[in-house]
Amino acid sequence: MFLPVQVKSSVISKIKAGHPWVMSKDISNAHRSLQSGGLCDVVDDKGQFLGRGYYNSKSQISVRILTWNGSEKNINSIEYLSQKIFEAWQRKKEMGFKYSFRLVFSEGDFLPGLIIDYYQVMHSESASLATENSNASTRNLKVAHVFSFQISTYGMSRLIQDPVLLIQAMAHKVGAETLPWDDVVILLRNDISVREKEGLRVEVPRFLKTLREFDFSKARILVNNALSSELPAVQMDCNLYLGQKTGFFLDQQHNISLVVQHFAKLINENKMVRKVRILDLCCYVGHWSSQLSTALKSYGLYVEATLVDISKEALDFARANAERAGTDLVTVMKKDVLKELETLESESFDVVIADPPAFMKSKKDFATGFHAYLKLNSQAFRLSAKGGFVASCSCSGHLKENDLELVVEKALKRSHREATFVLSGGPSMDHPMKSGFTEGTYLKMLFNQL
């Protein structure tokens, strides 16, 4: 069942340490009967077991390891896969995630090639009730439990033949009181171009199980309050059916919480101005600005938010989200942040969020991507008032943290500003990073005060 793939001695120690990838250049011999998508054992030159996973001859990453335990032999069974997902569910709940979160983060949750985002989505009538009555308990509101799948590798597509049966088995382990099956929705978001590198088709999003009374193209999801997970959830409108990623960016929750809690500390020490002007660049649906507004308004501050994005649909969602969060004045601007920020007045914002899409899709994009990050951050620092704050973010794995530090350094010089480093961040805890697996590290945030 598990055909051998022999690796070169130069990578044995790395694999033993838990690195989940075997590159094609590191293979000395693969069994001639092994086909793409087939299960395999990674072995050394003496045939000793190193790991077990799946193979793809069409990918530069020829083997992705699922387990380093040779006794685990049923890795293609629903029982094994659903147990892994259930264990991920337990881990995320223990971390304090109450509402929407990344349930499975590929290698970080020992299921390479698989992303599952879990969303709690309020029914439109419940959402209206909750908006009218901010004290309404979400426990009494109609909620759909949405599992959004993205399968990016050929081997994982072979392992997961039926996502519905997989989630049904996992939901049974969780319990009907927490995950009532009648309220579960399963969405397949295999509309990502990276699938082509694995020999897979890019597919149109589709529901495998749905609730007809919900409109998931205008979904209102619940996310943890960035100020404290003990506070009521923050409501965010987005398009789960066709929106970016799986409809929402869950990975910034940690960075938003770091910034919000820093502001809370300043407010408690009377070091925060009573009027805060936020500039949210590449805002998408306005998660940053909505969470900031929710927190700052809870302390009685006056909040203005200027939301900038290239997408009109995203801006419509962002405006609604910011207004629901209690923002006193909301302005939206449909602009290309690399070309059209010069018209904004210098030093006119107290908080600037620079959270762009990945400007580097591959190593060959490094020079142009670096220039794009530099251009955006130069504008961010120019637009920040004296004493203001700038959050510089990158979700490109090809831009390392020291590269982002260099971007900030050069941007400050270019904009003739000086700043003090406050804190740094990374992906939220529901996006776990494997030790020694630097290829899995992608999200970075540097927070500076001018």
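The values are calculated or read from the model by the stated rules, or taken from the named source; none is laboratory data. Fair warning: this is a prediction, and the values are worked out from it, not measured in the lab. Positions of Cβ are generated from backbone atoms using ideal geometry, with glycine treated the same way; all protein chains shown enter the neighbour counts.
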### Message
Here is a list: Ser394, Ser384, Ser346. Which entry is in contact with a Leu (Cβ under 6 Å, 6 or more places away or on another chain), more than 23 Å from Phe249 (Cα to Cα) and not charged (D, E, K, R)?
### Response
Ser384
### Query
What single numbered condition from (1) out of contact with any Pro (no Cβ under 8 Å at 6 or more places or on another chain); (2) closer than 21 Å to Asn377 by Cα; (3) in contact (Cβ under 8 Å) with a residue 24 or more places away in the chain fails to hold for Gly247?
(2)
### Task
Any chance you could count how many residues in region 153-189 are of a type in the set (D, E, K, R), part of a loop (DSSP other than H, G, I, E, B) and surrounded by fewer than 21 Cβ atoms within 10 Å (Cβ to Cβ)?
2
#### Entry: Which listed residue, of Arg201, Arg212, is of a type in the set (Lys, Arg), free of Cβ contacts under 8 Å to residues at least 40 places away in the same chain, more than 28 Å from His123 (Cα to Cα) and in a loop (DSSP other than H, G, I, E, B)
Arg201
### Filter result (surrounded by 24 or more Cβ atoms within 10 Å (Cβ to Cβ) and on the phi > 0 side of the Ramachandran plot) within region 230-251
Gly247
### Single match in Ser77, Ser106, Ser100, Ser59 (criterion: modelled with pLDDT under 95 and within 25 Å of Leu188 (Cα to Cα))
Ser59
### Message
Can you tell me how many residues within region 252-308 are surrounded by 24 or more Cβ atoms within 10 Å (Cβ to Cβ), farther than 12 Å from Phe389 by Cβ and more than 22 Å from the chain's Cα centre (by Cα)?
### Response
3
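Yes or no, residue by residue, for (1) charged (D, E, K, R); (2) exposed (fewer than 15 other Cβ atoms within 10 Å of the Cβ); (3) touching a residue at least 60 places away in the same chain (Cβ under 8 Å):
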| residue | (1), (2), (3) |
| --- | --- |
| Ala385 | no, no, yes |
| Ser392 | no, no, no |
| Ser396 | no, no, no |
| Val407 | no, no, no |
| Glu418 | yes, yes, no |
| Ser424 | no, no, no |
| Ser428 | no, no, yes |
### Task
Only residues in region 33-52 that are free of Cβ contacts under 8 Å to residues at least 24 places away in the same chain count as the first member; pair them with residues that are surrounded by fewer than 18 Cβ atoms within 10 Å (Cβ to Cβ) and not in a strand (DSSP E or B), Cβ under 8 angstrom, at least 6 apart or cross-chain, and list the lot.
Gln35/Ser57; Phe49/Gly70
### Query
In region 276-308, how many are farther than 25 Å from Lys334 by Cβ and in contact (Cβ under 8 Å) with a residue 60 or more places away in the chain?
2
### Query
What is the number of the single condition among (1) out of contact with any helix residue (DSSP H, G or I) (no Cβ under 9 Å at 6 or more places or on another chain); (2) among the β-branched types (Val, Ile, Thr); (3) modelled with pLDDT of 95 or more that Val422 does not meet?
(1)
### Pick from region 234-254, criterion in contact with a Ser or Thr (Cβ under 6 Å, 6 or more places away or on another chain) and not polar (S, T, N, Q), ranking: nearest to Lys312 (Cα to Cα)
Tyr241
### Task
Among the residues of region 92-107, count how many are in a helix (DSSP H, G or I) and over 18 Å from His145 (Cβ atoms).
3
### Task
Being more than 13 Å from Leu3 (Cα to Cα) and surrounded by 12 or more Cβ atoms within 10 Å (Cβ to Cβ) is the filter here, so list the residues in region 57-69 that pass it.
Ser57, Lys58, Ser59, Ile61, Ser62, Arg64, Ile65, Leu66, Thr67, Trp68
### Query
Can you tell me which of Lys364, Lys335 is without any contact (Cβ under 8 Å) to a residue 12 or more places away in the chain, farther than 18 Å from Val408 by Cα and basic (Lys, Arg)?
Lys364
